[in-house]
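Worksheet: one structure, shown below.
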Amino acid sequence: FQGPTSGFLSQAGDPCNQYGVKVGPVVANCASEGLPPTFNATSSIRVFSEGGAAAGLEAETSENLTYGLVIQPELGDAGDLSVAIDYFDIEINNGVDQPGGLTLANACYSDPDFRGGGGVCRFVTRNPATNGLTVSNVYTNIATQLAEGVDYTIRYERELGPGSFRVTTEATRYITQAKKLFEEDELDQLNGTIENPKWGATMELAYYLGSNWQFRWGTDFVDGMDSYAFLEEDPATSIYDFATDDYMTHWMSVRYLTDKWQVTGGLRNIFDEEPETISQGFYFRNGNAPLYSGYDYFGRQAFEQLAIKFCGLRWCRGSASA
């Protein structure tokens, strides 16, 4: 039920520009609207972004298959070990998405049925007086997404010196990551491409000294990614950079706590690792880095936090500042 907002795209994106030198259904579709083969749009493409209630938006559906295995061997005085392995296979259909103005326009004019009823062309209109395009970039049920992989969780804990030590590692290995926008499209195999790493992992080392002190060191890892093959570019000759190396950051914290208050301080991205960079032209970027949640865009940061618990006769409330 989002109200429509309007914007404009360059007229250079009109699929019918110079359609006489193109091949496929776009030629007949543009000609059917009375446009000459040498047509060049002179009006910007108007795009309305809006909710999908009027377009019959429905809920997404999914199929989810998981298997899990937990191993906890007896180690005696050597400590406690737990290993969890979970396989998952998820398929999302009727995914809710906005295709984008240019995607809708190109899909419409590449459709052999064109304006035969239904399809994406119901979102694309052309003004017969000005030949300007208007696209309704509505939320609709279009996307299909597949994700298959294995989650690993390994935890080891034991008494060490005057306190206790614990190491926890969590990792995900993707076997398949794929998606398609329209039902008639082929699946795009994305596993290992930018924004879709095959591996992701975190590890935390923690030491607990008595009931008051906690010391932690953590590491976050993102596998290297490569989109050359997906974008049909040869890395040996391409002028673009569409590959990233492995990326790893570290953090640490120290916490002192009592029954009524606790104070925590530490560092994020201790070694000030900069995110990997790629060329512009295909992926959204933050500066020169892929806009990906596994990267740190702020650099090394120090932080501290104080939390105090206020208790009355019948209630308790926590208050924190950072």
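The values are calculated or read from the model by the stated rules, or taken from the named source; none is laboratory data. Everything numeric in this text was worked out from a predicted model, so none of it was measured. For neighbour counting, all protein chains shown are included, and Cβ atoms are generated from backbone atoms with ideal geometry for every residue, glycine included. Accessible surface areas use protein heavy atoms only, side chains included; no ligands, DNA or RNA. Shrake-Rupley method; radii C 1.70, N 1.55, O 1.52, S 1.80 Å.
Computed values, structure above
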| quantity | calculated |
| --- | --- |
| Given [x] 58, 44, 41; [y] 85, 53, 38; [z] 109, 53, 37, the label whose value is Cα extents along the principal axes in Å derived from this model | [y] |
| Backbone HN-Hα couplings from phi across region 43-52 [Karplus 6.51/-1.76/1.60, Hz, Gly and Pro as x] | 10, 4, 7, 8, 10, 9, 9, 8, x, x |
| Among Ala129, Ala289, Ala302, residue whose mean-square fluctuation peaks in a GNM of the chain (springs only between Cα atoms under 10 Å) | Ala129 |
| Alpha-carbon centroid distance for the pair region 97-140 / region 229-253, whole angstrom | 34 |
| In Hz, Karplus ³J(HN,Hα) per residue of region 131-147 (6.51, -1.76, 1.60; θ = phi - 60°; x = Gly, Pro) | 6, x, 8, 10, 10, 9, 7, 8, 5, 8, 8, 9, 7, 10, 10, 10, 9 |
| Rounded Å value of the spacing that divides the Cα centres of region 63-91 and region 149-215 | 13 |
| Accessible area in square angstrom per residue, the chain, 1.4 angstrom probe | 60 |
| Whole-percent carbon and sulfur share, accessible surface of region 46-157, 1.4 Å | 49 |
| Fraction of accessible area attributable to carbon and sulfur, region 172-288 (%, probe 1.4 Å) | 51 |
| Ordering of 32-44, 216-228 by packing [mean C-beta count within 10 Å, highest first] | 216-228, 32-44 |
